[in-house]
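Peer 1: Here it is, the structure, as structure tokens.
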Amino acid sequence: MTIITLSLPSTNPSSFFFHSSPKPFKFNPKSSSQLSPTTTTTTTTTSSLPKTSKVIIIGAGLAGLAAATHLNSQNIPFLLLESSNAVGGRVRTDIVDGFLLDRGFQIFITAYPEAQKLLNYQSLNLQKFYSGAKIFYDGKFHTVADPLRHFLDSAKSLTNPIGSIFDKLLIGTTRIGVLTKSDEQILTAEEVPTIELLNKLGFSDSIIRRFFRPFFGGIFFDPNLETSSRLFDFIFKCLALGENTLPANGISAIPEQLAARLPSDSILLNTKAVSVDFGSSDSPRVTLQNGEILNSELGVIVAVEEPALIKLLPGKINPVVKKPVRSTVCLYFTANPDQIPVQDPVLFLNGSGKGIVNNMFFVTNVAPSYSPQNKALISVSLIGLFKDESDDELVSKVIEELSDWYGDKMVKKWKHLRTYRIEYAQPNQCPPTNLKKNPTIEPGLYLCGDYLTSATFDGALVSGRRAAESLLMDRAFIANAS
Ligand SMILES: Cc1cc2nc3c(=O)[nH]c(=O)nc-3n(C[C@H](O)[C@H](O)[C@H](O)COP(=O)(O)OP(=O)(O)OC[C@H]3O[C@@H](n4cnc5c(N)ncnc54)[C@H](O)[C@@H]3O)c2cc1C
């Protein structure tokens, strides 16, 4: 990215770029220390809103926060509007009876390339998972381990029934294959559904059913593995290069860290946009739910999830949300430390092909900080929404099923804490995909979100940067962008 350097007539860079600003936007470069998404309520009332802002960003998920971060780094003032009571979008953590409950099972992979540029990993205090998984199959647990990190475990697992020795060697060669490709090559490669790719590579039905379906099906919320092979290769590469982790303070520590670096008065929570239009200006305006209108001078970046987009920009775009969208249910339980079977920070997968549990783990084995002292936290994930079953029915089914895994004496003592049903966890990214969609609708109006790139934390962050870069390019702030 090249910044065009201009000689500034004033010490405030933003006042140079737009002479026509009717009311200068109050730009307070202080970073916010108040934002704590688990508990935040905004103190800004809409009557105190500036009526004009250089840029308005709608949606404070990772994409909107990344766009804001990029604008902030260029000293471009912005207002970030968020309809809910905290930043983070789908990446949120609730505090329930002292437990940190992420809204759905989410893993942060340290090798995400855009995340590496934007986040301070050290202050996230990332807690690592074991590099591999334990698979429940035929009444027993079988290990699949990363040979480079857990050589002995991996060697011991060569002969287990999860797949043939050939399958396990093939995982190694597939890994080498993805590591030799750039991210750009991966995200624009010829694509097929992941299941076709696995078949083509020569993996056996056993390893596909017992390992790939629960593992990648759990990542994509797609047990049929119809998701694009581009996504498979991208995640496979990131898994090979990085660690699976959880921030010690919950997954919401990621968006919180981004938000804390932004000017404290630039984020407005509980502020819902209902429409975006150009009026008679060449830069769009945003109408809020309470009827107020906010004008932008440079443009508007719409950073909402794809289904919400349709309501905001009717007539402007007509996105076809690919069906089915990816849904999940996550149930949390607690138990005394002696009522869980292992202390390992490992992910358990259901390779049996039966039941409703896809994967589960003992959260406090990975990150003890997720629980008040002396209590274990257990997270169980299902794929799909299970609309026809009540929460109580799901709890009983899960307890029954896991009693088979760990014995009913132990599991029946677990206490249910909360169930999250997440209808829109990810967009459907089956082929054909375009993981580098153009963020520009027209000069002044831009989109970002995971549905434009890859449905990952990283994809959302990339899309936010790209939207901000496109706006800055159109408005002649930068000569070219990546
Ligand atoms: C359960 C679950 C597990 C996941 N696991 C992983 C994982 O392990 N690894 C990974 O990389 N990715 C994972 N993902 C995907 C990842 O979380 C998303 O791809 C990413 O967070 C999307 O960010 P976004 O900013 O594009 O959208 P969102 O996070 O949806 O943000 C959109 C924001 O816009 C706001 N908004 C909507 N309408 C309006 C309006 N009218 N006015 C104002 N604000 C509005 C919303 O409230 C929201 O805050 C998971 C997602 C879920 C749900």
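Peer 1: Please work out whether the range 133-252 counts as rounded, prolate or oblate from its C-alpha gyration tensor, where a ≥ b ≥ c are the square roots of the eigenvalues and a/c under 1.5 means rounded, while otherwise a/b larger than b/c means prolate and anything else oblate?
Peer 2: Values: a/c = 1.40, a/b = 1.17, b/c = 1.19.
Rounded.
Peer 1: Taking only the C-alpha atoms, wrap a convex hull around the range 353-414 and report its volume per residue in Å³ as a whole number.
Peer 2: Details: hull volume 6.7 nm³, N = 62.
Convex hull volume per residue, Cα atoms: 108 Å³.
Peer 1: Also: Pull up all non-local amide H partners of Lys54: gap of 5 or more, or a different chain, and H-to-H distance under 5 Å with H placed in the peptide plane.
Peer 2: The list, which skips near neighbours in sequence, is Glu297.
Peer 1: Okay, moving on. Each residue of the range 244-258 in turn: what ³J(HN,Hα) in whole Hz from Karplus with 6.51, -1.76, 1.60 and θ = phi - 60°, glycine and Pro shown as x?
Peer 2: 8, 9, 10, x, 4, 9, x, 4, 5, 4, 5, x, 4, 5, 5
Peer 1: Between Leu445 and residues 5 or more places away or on another chain, which pairs have amide H atoms under 5 Å apart, with H built 1.01 Å from N, and which residues are they?
Peer 2: Val300
Peer 1: Shifting gears a bit: Long-range amide H contacts for Val96: which residues qualify at under 5 Å (H placed 1.01 Å from N, peptide plane, sequence gap of 5 or more or a different chain)?
Peer 2: Leu101
Peer 1: When the convex hull of the C-alpha atoms of the range 50-98 is computed, what volume per residue in Å³ does it have? Walk me through the numbers on the way to the answer.
Peer 2: Values: hull volume 4.7 nm³, N = 49.
Cα convex hull per residue, to the nearest whole number: 96 Å³.
Peer 1: Could you work out the percent of alpha carbon pairs in the range 328-470 separated by over 20 Å, rounded to a whole number? Walk me through the numbers on the way to the answer.
Peer 2: Details: 5904 of 10153 pairs.
Across the range 328-470, Cα pairs with separations above 20 Å total 58 percent.
Peer 1: Between Ser73 and Lys51, what FRET efficiency follows from the Cβ-Cβ distance if R0 is 30 Å, with the result rounded to 0.05? Intermediate values should be presented prior to the final figure.
Peer 2: Values: r = 26 Å, r/R0 = 0.85.
So the FRET efficiency works out to roughly 0.70.
Peer 1: May I ask you to compute the full-extension gain from Ile293 to Asp392, defined as 0.36 nm times their residue separation minus their alpha-carbon distance, rounded to one decimal in nm?
Peer 2: Details: separation 99, 0.36 × 99 = 35.64 nm, distance 4.44 nm.
Gain on extension, Ile293 to Asp392, equals 31.2 nm.
Peer 1: Still on this structure, please answer the following. I need the calculated FRET efficiency for the pair Ser281 and Lys181, taking r as the beta carbon distance and R₀ as 56 Å, to the nearest 0.05. Show your work: numbers first, answer last.
Peer 2: Numbers: r = 45 Å, r/R0 = 0.80.
The calculated FRET efficiency here is 0.80.
Peer 1: Run the numbers for Leu169 and Met410: contour at 0.36 nm per residue of separation, minus the present Cα-Cα distance, in nm.
Peer 2: Details: separation 241, 0.36 × 241 = 86.76 nm, distance 3.66 nm.
Extra length available between Leu169 and Met410 comes to 83.1 nm.
Peer 1: Multiply the residue gap between Asn85 and Arg261 by 0.36 nm, knock off their C-alpha separation, and tell me the result in nm, one decimal place. Walk me through the numbers before you get to the answer.
Peer 2: On the way: separation 176, 0.36 × 176 = 63.36 nm, distance 1.83 nm.
Full extension from Asn85 to Arg261 adds 61.5 nm.
Peer 1: A further question follows. Could you tell me how far the Cα centroid of the range 169-197 sits from the Cα centroid of the range 249-271, in Å?
Peer 2: Result: 35 Å between the Cα centres.
Peer 1: In sequence order, what are the phi-derived ³J(HN,Hα) couplings for the range 177-189 according to the Karplus relation 6.51 cos²θ - 1.76 cosθ + 1.60 with θ = phi - 60°, rounded to whole Hz, with x for glycine and proline?
Peer 2: Calculated HN-Hα couplings, in order: x, 6, 6, 8, 9, 6, 4, 4, 4, 5, 6, 10, 5 Hz.
Peer 1: Would you work out the charge dipole size for the chain about its Cα centre, treating the Cβ of every Lys and Arg as +1 and the Cβ of every Asp and Glu as -1, and quote it to the nearest 20 debye? Present the calculation step by step, with values, prior to reporting the outcome.
Peer 2: Details: 46 positive and 44 negative charges, 93 e Å.
Dipole size: approximately 440 debye.
Peer 1: As an exercise, use a Förster radius of 45 Å and the Cβ-Cβ distance of Val320 and Lys156 to find the FRET efficiency, rounded to the nearest 0.05.
Peer 2: Details: r = 48 Å, r/R0 = 1.07.
Between Val320 and Lys156 the formula returns 0.40.
Peer 1: Further question on the same structure: Roughly what % antiparallel, to the nearest 5, for the DSSP beta bridges in the chain?
Peer 2: Of all bridge pairs located within the chain, approximately 70 percent are antiparallel.
Peer 1: Another question about this same structure. What distance in nm separates the simple spin-label points at Lys436 and Leu148, each placed 7 Å from Cα in the Cβ direction?
Peer 2: 2.5
Peer 1: Using mean Cβ contacts within 10 Å as the protection proxy, how do 212-225, 176-189, 371-384, 400-413 order, highest first?
Peer 2: Details: 212-225: 21.5, 176-189: 14.1, 371-384: 19.6, 400-413: 15.9.
Packing proxy ranking, top to bottom: 212-225, 371-384, 400-413, 176-189.
Peer 1: Same structure again: Seen from all sides and averaged, what is the projected area of the convex hull of the Cα atoms in the chain, in nm²? Each step should come with its number before you reach the end.
Peer 2: Details: hull surface 91.9 nm².
It is 23.0 nm².
Peer 1: Just add up the charged neighbours of Ala145: K/R +1, D/E -1, any other residue whose Cβ is under 12 Å from the Cβ of Ala145. Could the numbers behind the result be given before it?
Peer 2: Values: positive: Lys134, Arg149, Lys156, Lys168; negative: Asp146, Asp153, Asp344.
In short, +1.
Peer 1: Mind listing the phi-derived Karplus ³J(HN,Hα) values for the range 55-67, rounded to whole Hz, using 6.51, -1.76 and 1.60 with θ = phi - 60°, and x for any glycine or proline?
Peer 2: 10, 10, 10, 10, x, 10, x, 4, 5, x, 5, 5, 4
Only the coordinates and a few stated rules stand behind these numbers; no lab work does. Just so it is clear, the model here is predicted, and its values are computed rather than measured. Cβ sites come from the backbone with ideal geometry, for glycine too, and all protein chains shown count toward neighbours.
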